[in-house]
Amino acid sequence: MYEHASERPSNRAAYPNHEFPLAPEAVRAAYAQYWQSIREPAHSLAARQSAMATTNTLIADFCVDYLTPQTYHAAMLSEQADGLRDPRYKEHALRSLNTYRTASHEPHEDHHFIFGLLSDREVIDDFWRENATQTYANDPTRLALYMDQNNSLAVPREVWRQRALGTRVTDILKIRSERGVNIESLLIGSAEAQQWLNSDKAQNNTETYQRIHKAKTLYAPLAEIISFDGMGMALQSKSELLQLEFSGRPDLVALAHTIANTLGTPNIIEERAQVMLEAVLGENIHEQVLTHTAAHGIVLGEGIATRNEHRIVWRAKTVGGIARRLCQLGMDKLPPQTIENMLKQPPEHVIKKLLEKGMLPIDLLAATVLTQTPEEIGRELRAILQRTTTDTRVTLTPSPSRDKPLHVKGNLGYLAAVARGMGYTDIDEMSHDVDVKTGAYHVGKVTLRFQRWGEPAPLPAEVQFNTVADRVVARIGSASHAQYRLAEGEDYYLGPQDTAALADFNAKKMHLGQNGLTLISRGRADEMMYRVDSARP
């Protein structure tokens, strides 16, 4: 029983306007009944409502214009759907979902879609657990951590940063092709994962360990394949930071935040990107592509170079990406006290010191320019050399692993085409001025530092060039970046069947906003709706 009347949930307690104005009355009514029937303490209601509000805000920030209101309704009803799997809450959840059905004036087709998404939730959890069981069958220590349901096991420091084992990107695509999970459900799960990892619930325990693994090996790569890059970046970034912190290096997390903060707010970053890109590429028009209603920290932009109408996409490096790169550069070999002493200095001094030691990521701001042919890439690289010669704001700077600021990688035909575009007679002549490397992945890039008068420290930036066709290969082809992330430095191969599966999954994005369920999930939706409609009000 409640000690005070004020602790009793009421209709007004579920989704007050100041907490979540988008919740329809039917959702409010369902939660008012649910929380009262399970006797949810009043002090926890605000936190639960805030978490759901943040989840839907993240969905809107990353997926605006792609999803219908019914997807947001499904996200709001997730707690009740999960309650169906818990014997303690099953009957309460059925009755409250029945209340939703009764109170909502949406047509049957909309309800069918919502319940199809709700039915996906258990399938997603089972799929991840089965995959982890198979992948870690020969690693009993980590398997036990992934299967621990009560936070009863301690996660050793050294385990937090161990790479995920052999997950293939085409294996996780089976979550749709074989299990019938809808794309919208995966986007809801991604937003929920972000919300949870950014909350104070993310502690040094097995639940956090499991959620990070699920975020990095399931949600993030799937988001990237379907071109929701910001969502994937946010999941990767927060996961990296938590892994580093719980492995005993909060000092490196603090250093990464210090570096990221020197870039400025999203609007300042956009302005800096505009000026830098004009100096390097000439006049261009662009804008940010994400809203920042939730504090997700991801800054992405896109636009057009007006001189030749080449498409440009750019991003600020995430805090987690900075932390990961600092470790790759060897900063994690330094004692924590050394980093802590460095952080006592003003941020601009920290940046300058890292630049001097070659320990600052070279791509705090990175842009990709899309062309039609490799020859165009060569012409653009030559134009950059000419344009920046007299611009004192730009200093072309090699990365620590190279001795030239221009780099071209690809097969011999690609390299020869870029060389022709730059005005060289052959690849050998180009190699005098450009770092040349053969490989399957095709790219041309330039690394630089950009500093305007009055700015305390230069901005390390990278501008790379891909053909439109090669960009597709990097998304859903043999050079899939999602698989590269999953491999974590290990060799991998994607054959024709793999790339066909990637292309098929990516193509599903065009159907978002149509409220269409997979055939398999339609049956699950029918079954769940029957159970709900049969429940006693």
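Structure values in brief
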read-out	value
Ordering of 332-343, 258-269 by packing [mean C-beta count within 10 Å, highest first]	258-269, 332-343
C-alpha center-to-center spacing [region 94-148, region 203-263] in angstrom	23
Nearby lysines by direct alpha-carbon distance to Lys238 (threshold 20 angstrom, same-chain neighbours under 8 apart not counted)	Lys201, Lys214, Lys216, Lys317
Protection-proxy order for peptides 229-235, 356-362, 82-88, each taking the mean of Cβ atoms within 10 Å per residue, highest first	229-235, 356-362, 82-88
Ranked packing of 204-216, 417-429, most packed first, by mean Cβ within 10 Å	204-216, 417-429
Mean separation of Cα contacts under 8 Å, 6 or more apart, over the residue count of the chain: relative contact order %	17
Nearby lysines by direct alpha-carbon distance to Lys90 (threshold 16 angstrom, same-chain neighbours under 8 apart not counted)	none
Residues of type lysines that Lys344 reaches as a straight line, Cα spacing below 16 Å, ignoring anything fewer than 8 places off in the same chain	Lys352, Lys353
Global geometry of region 63-118, whether rounded, prolate or oblate, following the gyration tensor of its Cα atoms and the 1.5 cut on a/c	oblate
Shape category assigned to region 295-336 from the gyration tensor of Cα positions, a/c cut at 1.5	oblate
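Read-outs throughout are calculated quantities, based only on the coordinates presented, and are distinct from any laboratory measurement. Predicted model, so just to flag it, every value in this text is computed and none were measured. Here the Cβ is made from the backbone with ideal geometry for all residues, glycine too, and neighbour counts use every protein chain on show.
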